[in-house]
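What follows draws every value from the coordinates through simple rules; no lab data is involved. Worth saying up front: this structure is predicted, and the values here are computed from it rather than measured. Cβ atoms come from the backbone with ideal geometry, glycine included; neighbour counts cover every protein chain shown.
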Amino acid sequence: MTSEHNLDFATNAVHAGQKPDSEAGAIMTPIYQTATYVQESPGVHKGFEYGRTANPTRQALEANLAALEGGKHGFAFSSGMAAISTLMGLLKQGDHVIVTNNVYGGTYRYFQQVMTEFGLTFSFVDTSELSAVQSALQPNTRMCFVETPTNPMLRLTDLRALSNLCKSHDLLLAVDNTFMSPFYQRPLALGADIVVHSTTKYINGHSDVIGGVVVLNDDHRAERIAFLQNSVGAVPGPHDCWLILRATKTLHLRMPRHNENAVCIATHLQKHAEIEKVIYPGLPEHPHHELATRQQLDPYGKPGYGGMISFQVGSWQRAKTVLENVRLFALAESLGGVESLISHPASMTHASVPEADRRKLGLSEDLVRISVGVEHAQDLIDDLEQAFACL
Ligand code: P1T
């Protein structure tokens, strides 16, 4: 779906892609819960033929998300993985892809255990080092797939610098922007060709939908994604689209609170005796803090570091004690919701990454990841403190 984006982010969040319904004037986009559309005569219809190909509620969401990413075309999917797997349909047998070594475990699994069976090859490298990307280049490299910050080690890639490198080698740059959301990072403006999200996370923000999106500018490539979206068929239902559309209206209100709370908690944890290491790009000690401050900007130019924090507590047993004793934080996979979550990446989200690779990434057994919600920061700190008291 194509979008316009000459308005402010906040205005787009509330309005982009949506107009009062022509039938009844409903201010909210109706849930077009239909599988098909009636035609007056073969091929004579109102622009909709079949629900997999297009749906008005989905189109409203696609235009809304495209506007927030500053992109021309948006395509919604039934999950983040559905978005990523459909995107890989841009490639063909024999192509090589350079991937950030610490991507979400499910992305790693899809590339390593599914796409390799179809004749694609992957090099997993630390894309925060341009020289590592350069060394991984092969004559058949077609795409660079980047997560920044990474899940869960929170390492950053300089998107502007990498996009220059990709352009000079004629590579597509695809960025998984799930952790920052378009509020704090807009990769297309930094030179990326394609943005992908698990909309399950900050974009929906209420932990009640699984979804994904692909946003891009190039008309020709967008035509191919539309073809793939329809051919593969991993599309979201209209009710899920409606829920996500409802959620994006407050994205610009939720994100600053996630950020403020996370800065507050990371600063508290940083000086804590029970904690060995805190990883949060908002801390001056983070190796990519300067890049985060330059690259992760809200629409008004103010830096934001997001709501994800990882920390090491010294051993798996100690991590388990913290995970079992929190009361407000819920022990669960996922992130980006208004409620705070806590997880153990090594055994949960990144269990499909081989242990030796996890060790190389620093993804240790004592690593705990938190997704800081929008509750009161002091209540969250008090909850962590009572769990640390059990150590
Ligand atoms: O779960 P799904 O909507 O299919 O999205 C997959 C995905 C893609 N990209 C990133 C950066 C992700 O973090 C995820 C999903 N991540 C989790 C479920 C998690 O707890 O990290």
Original post:
In whole angstrom, how far apart do the alpha carbon centroids of segment 334-391 and segment 72-112 sit?
Top reply: 25 Å
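Going by C-beta contacts inside 10 Å, put Trp242, Trp316 in order with the fewest on the left. Show your work: numbers first, answer last.
On the way: Trp242 22, Trp316 15.
Going from least to most buried by this count: Trp316, Trp242.
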Original post:
Once Rh is set to the Kirkwood radius over Cα pairs, what Stokes-Einstein translational diffusion coefficient, in µm²/s, holds for segment 30-86 at a temperature of 37 °C and a viscosity of 0.692 mPa s?
Top reply: 257 µm²/s
Subject >> Among beta bridges that DSSP assigns inside the chain, antiparallel share in %, nearest 5 >> reply: 55 percent
**OP:** Would you give the gap between the C-alpha center of segment 116-150 and the C-alpha center of segment 24-51, rounded to a whole Å?
**Re:** 42 Å
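At a temperature of 20 °C and a viscosity of 1.002 mPa s, determine how fast segment 126-213 diffuses translationally according to Stokes-Einstein, using the Kirkwood radius over alpha-carbon pairs as Rh; express D in µm²/s, rounded to the nearest whole number.
Values: Rh = 13.5 Å.
So the translational diffusion coefficient is about 158 µm²/s.
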Subject >> Kirkwood Rh in Å, taken over the chain so that all alpha-carbon pairs contribute >> reply: 21.4 Å
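Can you tell me what percent of all Cα-Cα pairs in segment 252-388 are more than 18 Å apart?
54 percent
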Original post:
Got a sec to turn the phi values of segment 75-83 into Karplus ³J(HN,Hα) couplings, 6.51 cos²θ - 1.76 cosθ + 1.60 with θ = phi - 60°, whole Hz, x for Gly and Pro?
Top reply: 9, 8, 9, 7, 6, x, 5, 5, 5
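Relative contact order for the chain using alpha-carbon pairs under 8 Å, separation at least 6, rounded to a whole percent? Mind dumping the intermediate values first?
Values: 817 pairs, mean separation 66.6, N = 391.
Result for the chain is 17 percent.
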Original post:
Comparing Gly205, Gly304, Gly25, which has the greatest mean-square fluctuation in the GNM of the chain with Cα pairs linked when under 10 Å apart?
Top reply: Gly25
Subject >> Whole-number percent relative contact order across segment 1-141, with pairs defined as alpha carbons under 8 Å at least 6 apart >> reply: 21 percent
Subject >> Shape of segment 41-187, Cα gyration tensor, a/c cut at 1.5 >> reply: prolate
Subject >> Chain lengthening between Asp21 and His239 when straightened (0.36 nm per residue, less Cα-Cα) >> reply: 76.9 nm
Subject >> Environment charge at Ala192 (Cβ cut-off 14 Å; Lys +1, Arg +1, Asp -1, Glu -1) >> reply: -1
Subject >> Range of Cα positions in segment 278-334 per principal axis (Å), largest first >> reply: 40, 22, 15
Original post:
Which ³J(HN,Hα) values in Hz, rounded to whole numbers, follow from the phi angles of segment 236-246 under the Karplus curve 6.51 cos²θ - 1.76 cosθ + 1.60, where θ = phi - 60° and Gly and Pro get x?
Top reply: x, x, x, 5, 5, 4, 5, 5, 5, 4, 5
Original post:
How many percent of all Cα-Cα pairs in segment 341-391 sit more than 11 Å apart?
Top reply: 73 percent
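Could you tell me the calculated FRET efficiency between Thr121 and Thr53, based on Cβ-Cβ distance and R0 = 22 angstrom, to the nearest 0.05? The partial results should precede the final answer.
On the way: r = 33 Å, r/R0 = 1.48.
It comes to 0.10.
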Original post:
Label points 7 Å out from Cα along the Cβ direction at Thr267 and Ala132: separation in nm?
Top reply: 3.1 nm
Original post:
What is the helix-to-structure angle for 56-68, meaning the angle in degrees between its Cα long axis and the longest Cα principal axis of the chain, kept from 0 to 90 and rounded to the nearest 10?
Top reply: 50 degrees
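At a 10 Å Cβ-Cβ cut-off, how would you order Glu324, Glu147, Glu23, fewest neighbours first?
Details: Glu324 10, Glu147 25, Glu23 7.
Neighbour counts put them in this order, fewest first: Glu23, Glu324, Glu147.
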**OP:** For the chain, please report how many Lys pairs fall under 27 Å Cα to Cα, leaving out neighbours fewer than 8 apart on the same chain.
**Re:** 24
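Per DSSP H run of at least 4 residues, take -39500 (n - 2.57); add these up for the chain, divide by its residues and hand me the 222 nm value, nearest 500 deg cm²/dmol.
Working: 14 runs with 135 residues, N = 391.
For the chain, the value works out to -10000 deg cm²/dmol.
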